[in-house]
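Just so it is clear, none of the values below were taken in a lab; they were calculated from the coordinates. Keep in mind it's a predicted model, so treat the numbers as computed, not measured. Every residue, glycine as well, gets a Cβ built from its backbone with ideal geometry; the counts of neighbours run over all protein chains shown.
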Amino acid sequence: MTDPSLQDLSERYGFTPTTTASEVQRRLKEEEDSIRKEIQKELKIKEGAENLRRASTVQKTGGKSDISAEIKRSNARLEELNQELEEIRTFQLMTSDGSTSFSTPARQPGCDGTLACYSCFVVNLLSML
C-alpha cells in the first residue's frame, strides 16, 4: 500500500475546501480514537486466539489450523489499522497549520502524487511554509 496523497485523504474523510482547520483536526482526532479502539479490540481477539492455541496444544485437540488462521487474520488487520493510524497522523501534520488546501497539489514530472514521491512531498512541505 502506497502512502496516500493529501487529496486522497481529503476525499476519504470528506473534507472540502471550505472545511475549517479546526474541523479537520477534530474529525481526524475522532478517527484516530476510533482506530485505536479497533486496535485494542483486535489485540484482545488475537490474545484470545493465542490462548486457545496454547490450550489446544496442551490438550492435543484438533482445530489448530483454524486458530492459526485467526491469528494470521488478526495480525493482518492490526497491520491495516496501524497503517490507517499512520495515514491519519501524516494528514494531521500536513493540515495542522490550517493553511493547507485540499486541492490537488502541484506535481513534479513523473510523480504519482503520493507522499512516497519525495520531490512532491518536499514541494508540498515548502508550500506550507
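For the stretch 12-55, the set of GluC sites (Glu not before Pro) satisfying both a DSSP loop assignment and a count of at most 13 other C-beta atoms within 10 Å is empty.
Of Ser74, Ser65, the sequence from fewest to most neighbouring Cβ atoms within 10 angstrom is Ser65, Ser74.
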